[in-house]
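Written below as structure tokens is the structure these notes are about.
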Amino acid sequence: MSSRRELLLEEMGLTPIWRVRTRQVESGTTVADAQYVPAAAGRGETAAPAAAQSAIDADERGANIARMDWTELRPTVAACTACGLRKTCTQTVFGIGDEKADWLLVGEAPGAEEDARGEPFVGQAGKLLDAMLAGIDLKRGDDVYIANVLKCRPPGNRNPEAPEVAKCSPYLRRQVELIRPRLILAMGRFACQTLLDTDSSIASLRGRAHSYQGVPLIVTYHPAYLLRSLPDKAKAWEDLCFARSTMADLRAQS
Ligand code: URA
């Protein structure tokens, strides 16, 4: 095999590459061994390149989380130190509500009050969220589950960073798989962009149903943003009405 091809494969994490091993014989000359050994072993290396190895580790971690039930997932999240946020927060905020809910609401990350109480959306933004839910005859915990993209509060409520989102996302993905909601309402830019894997703005994503893991997903503004931006409250109300009618359609179909 050409060394260029060998290097390319190695860079892609596709080692081991099989190559003929040479060995010393008694006379001191080297001969081709009858057996083949992995090229990496032949060079005294045991691991894939660092970038490839961390991708393998992330896949394995994701696969482990994807096998967990609620009784494993909760303590795993509580004990998680995969990113640096656990060092600065008080506790993890797992999520709350009906584990068989039709509605899953997803926010960004715990704030100060959520961090203190261990429950999502219990501060000012949470009060507005409860009022918004009441507007479409919903109540937290009653056919509704509420979770965040990040389970730990970023210090000073700063924006989540990409590596933190990447480490925490398998937990939310598993929550979605376990709940199997009929509809996800993603609230705010981070939740929408993370779940839809896009850079698009909320304004451009509103008004139609998207999909996350096969579950219909509707986007709307974050309640904390709505506290500061009254004009967009009317748009959020439109989003909620759209979500309610989509849910009615989904129920009628089943
Ligand atoms: N903002 C969020 O996104 N989530 C919370 O739990 C609280 C505020």
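The values are calculated or read from the model by the stated rules, or taken from the named source; none is laboratory data. Source: prediction; values computed, not measured. So basically every Cβ, Gly included, is an ideal-geometry build from the backbone, and we count neighbours across all protein chains shown. Protein only, heavy atoms only, side chains kept; ligands, DNA and RNA dropped before computing areas. Shrake-Rupley method; radii C 1.70, N 1.55, O 1.52, S 1.80 Å.
Kindly provide the GluC sites (Glu not before Pro) of segment 126-212 that DSSP labels as loop, not H, G, I, E or B, and whose Cβ sees at most 14 other Cβ atoms within 10 Å. Please report the intermediate quantities before stating the final value.
Working: sites: Glu161, Glu164, Glu177; in loops: Glu161.
Passing both the DSSP loop test and the Cβ count: Glu161.
I'd like the distance between the alpha-carbon centres of segment 79-129 and segment 180-205, rounded to an integer number of Å.
Each part's Cα centre sits 17 Å from the other's.
How much net charge surrounds Ala63 when only the other residues with a Cβ under 12 Å from the Cβ of Ala63 are counted, with Lys and Arg +1 and Asp and Glu -1?
Numbers: positive: Arg61, Arg67, Arg173, Arg174; negative: Asp57, Asp59, Glu60.
It works out to a net charge of +1.
Of all DSSP beta bridges in segment 50-253, what percent run antiparallel (nearest 5)?
Numbers: 6 of 19 bridges.
Around 30 percent of the beta bridges assigned by DSSP in segment 50-253 are antiparallel ones.
What net charge is computed for the residues neighbouring Ala134, neighbours being all others with C-beta under 12 Å from the C-beta of Ala134, Lys and Arg scored +1, Asp and Glu -1? Mind showing how you got there, number by number?
Details: positive: Lys127, Lys139, Arg140; negative: Asp130, Asp137, Asp142.
With Lys, Arg at +1 and Asp, Glu at -1, the net is 0.
From the P(r) of segment 97-166, can you give the percent of Cα pairs sitting at distances over 19 Å?
Here the tail beyond 19 Å accounts for 34 percent of pairs.
Ordering Trp237, Trp103 from largest to smallest accessible area (1.4 angstrom probe), what's the sequence? Can you show the working numbers first?
Numbers: Trp237 115, Trp103 10 Å².
Final ranking, largest accessible area leading: Trp237, Trp103.
May I ask you to list the residues of segment 224-246 whose amide nitrogen lies under 17 Å from a point 7 Å from Cα along the Cα→beta-carbon direction of Asp143?
The answer is 240-246.
So what's segment 50-253 giving for Cα Rg divided by 2.2 N^0.38 Å, two decimals?
Normalised by 2.2 N^0.38 Å, the Cα Rg of segment 50-253 equals 0.98.
Please give every one of the lysines within straight-line cross-link reach of Lys151, meaning a C-alpha to C-alpha distance under 23 Å, and leave out same-chain neighbours fewer than 8 residues apart.
By straight Cα distance, Lys151 reaches Lys87, Lys100, Lys127, Lys139, Lys167.
Whose amide H sits under 5 Å from the amide H of Tyr212, counting only residues 5 or more places off or on another chain, with H placed in the peptide plane?
Placed amide hydrogens put Leu217 under 5 Å from Tyr212.
For Asn148, which sequence-distant residues (separation of 5 or more, or a different chain) have an amide H within less than 5 Å of its own amide H, given hydrogens modelled in the peptide plane?
Distant-sequence amide H within range of Asn148: Gly107.
Residues of segment 142-200: accessible area per residue at 1.4 Å, in Å²? Can you show the working numbers first?
Working: 2330 Å² over 59 residues.
Normalised by residue count, the accessible surface of segment 142-200 is 39 Å².
Please work out how much accessible surface Thr90 shows to a 1.4 Å probe, ignoring ligands, DNA and RNA, in Å² rounded to 10.
90
Of the heavy-atom accessible surface of segment 153-254 (probe 1.4 angstrom), what whole percent is carbon and sulfur?
Numbers: 2530 of 5040 Å².
Roughly 50 percent, rounded to a whole number.
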